[in-house]
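Everything below concerns the one structure shown next.
The values are calculated or read from the model by the stated rules, or taken from the named source; none is laboratory data. Keep in mind the model is a prediction, meaning the values are calculated, not measured. A quick note on method: Cβ atoms are made from the backbone with ideal geometry, for glycine too, and the neighbour counts reach across all protein chains shown. Areas reflect the complete protein model, heavy atoms only, side chains present, ligands, DNA and RNA absent. Shrake-Rupley method; radii C 1.70, N 1.55, O 1.52, S 1.80 Å.
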Amino acid sequence: EMRTAFVLLLASAAALTCPGATLTVNPGGTGDYPTIQAAVDAAEAGDTVVLRDGTYTGDGNRDIDFKGKAITIVSENGPDTCVVDCQGTAHAPHRGFVFLSGEDVNSILDGLTIVNGVAPPVAGGSYSSGGGIVGRHESSKPTIRNCIISDNYAVDGGGISGCSGLIENCTISENEAEKLGGGLAYCNGSIIDCRISNNSAKRGGGLGSCIGGIISKSLISSNFATSGGGLAVFKGRIENCQIVDNIALVDGGGLDGINSTSGDYHVANCVIRNNT
């Protein structure tokens with residue numbers, strides 16, 4: 001009985017320490033699975049989907065839904081050589097990735113470039129949120145790291161909307177929002193070591209309505225808005241950031257609508273200069 005228990009203990013330990021499976025995808029459909037979505041559908045918790053170099057387009061390689069799975073999608077060689085081109089237009093809108101099923105920090109997107117996303121319209125003809133990546137505000141908390149999010153469009157959060165986990169070492173640039181947060185909106189988690197530049201919106205050219213989170217060690221530069229060229233409507237912590245060269249037509253070239261009235265909400269150790 002003792003030997004049996006010992007064998008079972010070893011088996012349990014092995015099961016706990018064994019890494020998940022690796023599933024590969026090639027742009028031409030010749031990997032283990034023909035598209036990114038097909039690999040996600042087949043993946044189980046702990047698995048890694050590895051994307052080979054190239055540009056991914058078409059159905060199955062855009063509007064990719066994590067479906068709440070604790071998996072990693074990672075490029076083989078980084079964002080410069082791995083591109084998800086959503087090819088979205090006003091008449092045929094498509095995003096890059098979707099986190100709408102309660103994903104947490106164990107749902108990981110790592111090392112991709114996501115371009116040309118357009119959020120689909122909602123009732124009344126306006127566009128919905130999250131042109132490149134969309135989440136569900138407080139309930140979606142994926143990890144997004146080492147990514148380039150560029151040239152995407154939405155009503156709020158041209159680049160990313162509603163992802164409140166960890167956004168780390170990302171470049172978020174050249175995105176546009178009709179209303180709020182050209183680069184990011186409603187991202188209420190941790191934004192660390194990011195470069196947020198050349199985005200535009202009516203309010204919050206770089207970021208808008210990020211409540212209760214932290215922005216740290218990031219560069220927020222050369223964004224444009226009517227109000228809050230760099231960022232707007234923020235209640236959280238902004239630490240060790242550079243907020244420079246942003247433009248607003250009316251209020252807050254650098255920052256607008258910032259609540260920093262207690263120890264939990266503050267702007268500290270930042271460089272804020274050359275905003276207009």
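Inside region 159-254, counting only strands (runs of 3 or more DSSP E) that do not spill past its ends, which hold 2 or more residues that are among the basic types (Lys, Arg)? Steps first, please.
Numbers: elements: 166-168, 171-173, 176-180, 190-192, 195-197, 200-203, 207-216, 219-221, 224-227, 231-239, 242-244, 247-251.
Counting at least 2 such residues, we get 200-203, 231-239.
Can you tell me which of (1) open to solvent by 10 Å² or more (accessible area, probe 1.4 Å); (2) of a type in the set (Val, Ile, Thr); (3) not in a loop (DSSP other than H, G, I, E, B) is the one ILE114 doesn't meet?
All conditions are met except number (1).
Inspect region 259-271 for any residue being more than 19 Å from GLY159 (Cα to Cα), at pLDDT 95 or above and of a type in the set (A, V, I, L, M, F, W, C) and give the result as yes or no.
As a first pass, look at region 259-271 and keep what is more than 19 Å from GLY159 (Cα to Cα): 259-271.
Within this subset, residues satisfying the condition of being at pLDDT 95 or above are 269-271.
Retained after the next criterion (residues that are of a type in the set (A, V, I, L, M, F, W, C)): 270-271.
Scanning region 259-271, I find at least one residue that is more than 19 Å from GLY159 (Cα to Cα), at pLDDT 95 or above and of a type in the set (A, V, I, L, M, F, W, C), so the answer is yes.
Could you please find all residues in region 144-158 being under 15 Å from ILE220 (Cβ atoms) and either among the charged types (D, E, K, R) or part of a strand (DSSP E or B) (or both)?
Answer for region 144-158, where residues must be under 15 Å from ILE220 (Cβ atoms) and either among the charged types (D, E, K, R) or part of a strand (DSSP E or B) (or both): just ILE149.
Restricting region 214-231 to residues that are under 16 Å from CYS270 (Cα atoms) and in contact with a Lys or Arg (Cβ under 9 Å, 6 or more places away or on another chain), which is most open to solvent (accessible area, probe 1.4 Å)?
LEU219
Would you check if VAL267 is of a type in the set (A, V, I, L, M, F, W, C), over 20 Å from ARG136 (Cα atoms) and in contact with a Leu (Cβ under 9 Å, 6 or more places away or on another chain)? Give the derivation first.
Details: of a type in the set (A, V, I, L, M, F, W, C): yes; over 20 Å from ARG136 (Cα atoms): yes; in contact with a Leu (Cβ under 9 Å, 6 or more places away or on another chain): yes.
Yes, satisfied.
Mind checking whether some residue in region 167-189 is of a type in the set (A, V, I, L, M, F, W, C), surrounded by fewer than 24 Cβ atoms within 10 Å (Cβ to Cβ) and under 20 Å from SER107 (Cα atoms)?
Quick first cut of region 167-189, residues of a type in the set (A, V, I, L, M, F, W, C) only: 167, 170, 172, 177, 180, 184-185, 187.
Now narrow it down to the ones that are surrounded by fewer than 24 Cβ atoms within 10 Å (Cβ to Cβ): none.
Within region 167-189 (the criterion being of a type in the set (A, V, I, L, M, F, W, C), surrounded by fewer than 24 Cβ atoms within 10 Å (Cβ to Cβ) and under 20 Å from SER107 (Cα atoms)), the answer is no, since none of the residues qualifies.
Checking VAL105 against (1) of a type outside the set (S, T, N, Q); (2) crowded, with 24+ Cβ neighbours inside 10 Å; (3) over 17 Å from ILE149 (Cβ atoms), only one condition comes out false. Which one?
The single condition VAL105 does not satisfy is (2).
From the list ASP193, ASP156, which one is more than 17 Å from GLY213 (Cα to Cα) and in contact with an Asp or Glu (Cβ under 9 Å, 6 or more places away or on another chain)?
Working: ASP193 fails: more than 17 Å from GLY213 (Cα to Cα).
Matching residue, one of ASP193, ASP156: ASP156.
Please give the strands (runs of 3 or more DSSP E) falling wholly within region 8-101 in which 3 or more residues are in contact with a Ser or Thr (Cβ under 8 Å, 6 or more places away or on another chain), open to solvent by less than 40 Å² (accessible area, probe 1.4 Å) and modelled with pLDDT under 95.
On the way: elements: 22-25, 48-51, 54-56, 72-75, 82-85, 97-99.
Because the criterion is at least 3 residues that are in contact with a Ser or Thr (Cβ under 8 Å, 6 or more places away or on another chain), open to solvent by less than 40 Å² (accessible area, probe 1.4 Å) and modelled with pLDDT under 95, no strands (runs of 3 or more DSSP E) in region 8-101 meet it.
Within region 117-133, count every residue that is in a strand (DSSP E or B) and either surrounded by 15 or more Cβ atoms within 10 Å (Cβ to Cβ) or modelled with pLDDT of 95 or more (or both). Working first, answer last.
Filtering region 117-133 for residues in a strand (DSSP E or B) gives 118, 121, 127, 133.
Still in the running and either surrounded by 15 or more Cβ atoms within 10 Å (Cβ to Cβ) or modelled with pLDDT of 95 or more (or both): 118, 127, 133.
Of the residues in region 117-133, 3 are in a strand (DSSP E or B) and either surrounded by 15 or more Cβ atoms within 10 Å (Cβ to Cβ) or modelled with pLDDT of 95 or more (or both).
Scan region 134-157 residue by residue and report those that are in contact (Cβ under 8 Å) with a residue 60 or more places away in the chain, within 20 Å of ARG203 (Cβ to Cβ) and open to solvent by 10 Å² or more (accessible area, probe 1.4 Å). Lay out the reasoning, then the answer.
Filtering region 134-157 for residues in contact (Cβ under 8 Å) with a residue 60 or more places away in the chain gives 142, 146-148, 152-153.
Filter once more, keeping what is within 20 Å of ARG203 (Cβ to Cβ): 152-153.
Correct list: TYR153 only.
Quick one: what pairs do we get from region 161-186, first residue free of Cβ contacts under 8 Å to residues at least 24 places away in the same chain, second open to solvent by less than 50 Å² (accessible area, probe 1.4 Å), C-beta under 9 Å, 6+ apart or different chains?
Matching pairs, first to second residue: none at all.
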